[in-house]
Amino acid sequence: MSGMKQRLLLIRGLGHSGTTILDLALGAHPKITGLGEAVRLLEKPAVQDSHRGPAQLRGELRHQRRCTCGLVADACPVWGPILRWLPSHDEQPLPDKLKRLLAALKPPEEGSSINSWVVESYQDDFVLPFLEDPALDIRVLHLTRDVRSWVHSRSRDGRQRGRWLPGLQPLLRWWRLSARHERQLQCCGKPVFRLGYEELALRPEQTLRRLCDWLELEFDPAMLAPVAQSGSHILSGNRVRFDAEKGAAIHYDAAWMTHGAGIAQLALAWPPLAALNRRLVYSASRR
């Protein structure tokens, strides 16, 4: 790549926190390409997961599932070659697989002073944030959704219905994993950008401008129309990636405000939880 480092932005945090819409918005920038949950697809599937997407995409599903570039996975210039290559190379280490995927992307132009960014957004991966590779410039975006909104969303999951205090398990999960992710990222040795989903959804232009500054890029207004403008290559993620109406702009789902936040609202009376929520979600508003 002309002796220049490939710049890799990792979005990490809890799932169901706006990762897909952020990946699409970033991918609308001409110098950013989103790959969605690439690590989820690159990891070797467990035997018991042979019916799931990552395993199926190594076979016939790649001729059916569309990439956000508009082509089926097998025809996608980024994903097609790697999906055909993976079945006989699944034992290779994850960083080696990632490098092969990155090699399929168009290299930066000669004489460019700033490399393009590639975005990877598999929230459960905490291998790559600690990867030391002189060929990669890695930064991490820690995305967190307000505990009240996240718990309300997860409480509507069918698996929570009929349970006593259906929001309790999601609340404990938000607390446990958000605190763990914060500790892990503090010691990963990479630059970390802390972003609250509420800040992104309620003030999209201001937030994306701030993020572009951190990435050393000029803001592009196309980022405010994620689905229509995105040049990302996403095979795994929220269905909004193909919903032109919902993805026409970045909107905030405020359902928890009208239905009440239940146990999560009560839990915010506990100072440590309230402080974590403020720190991870609303840090920019205090600057």
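Values in this text are rule-based calculations from the coordinates and carry no lab data. Only a predicted model underlies this, so the values are computations on that prediction, with no experimental measurement involved. Please note: Cβ atoms are built from the backbone with ideal geometry, for glycine as well, and neighbour counts cover all protein chains shown.
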*asked:* Cβ neighbours within 10 Å, averaged per peptide: list 222-234, 266-278 in order, most packed at the top.
replied: 222-234, 266-278
_Sum of -39500 (n - 2.57) over DSSP H runs of 4+, divided by residues of the chain (222 nm, nearest 500)_ = -10000 deg cm²/dmol
_If I stretch the segment between Thr258 and Leu71 completely, what's the gain in nm (0.36 nm per residue apart, minus their alpha carbon distance), one decimal?_
63.4 nm
*Would you mind ranking His259, His152 by Cβ crowding within 10 Å, fewest neighbours first?*
His259, His152
_R0 of 35 Å, Cβ-Cβ distance His51-Cys187: FRET efficiency to nearest 0.05_ = 0.45
*Can you put Cys188, Cys76 in order of Cβ neighbours within 10 angstrom, beginning with the fewest?*
Cys188, Cys76
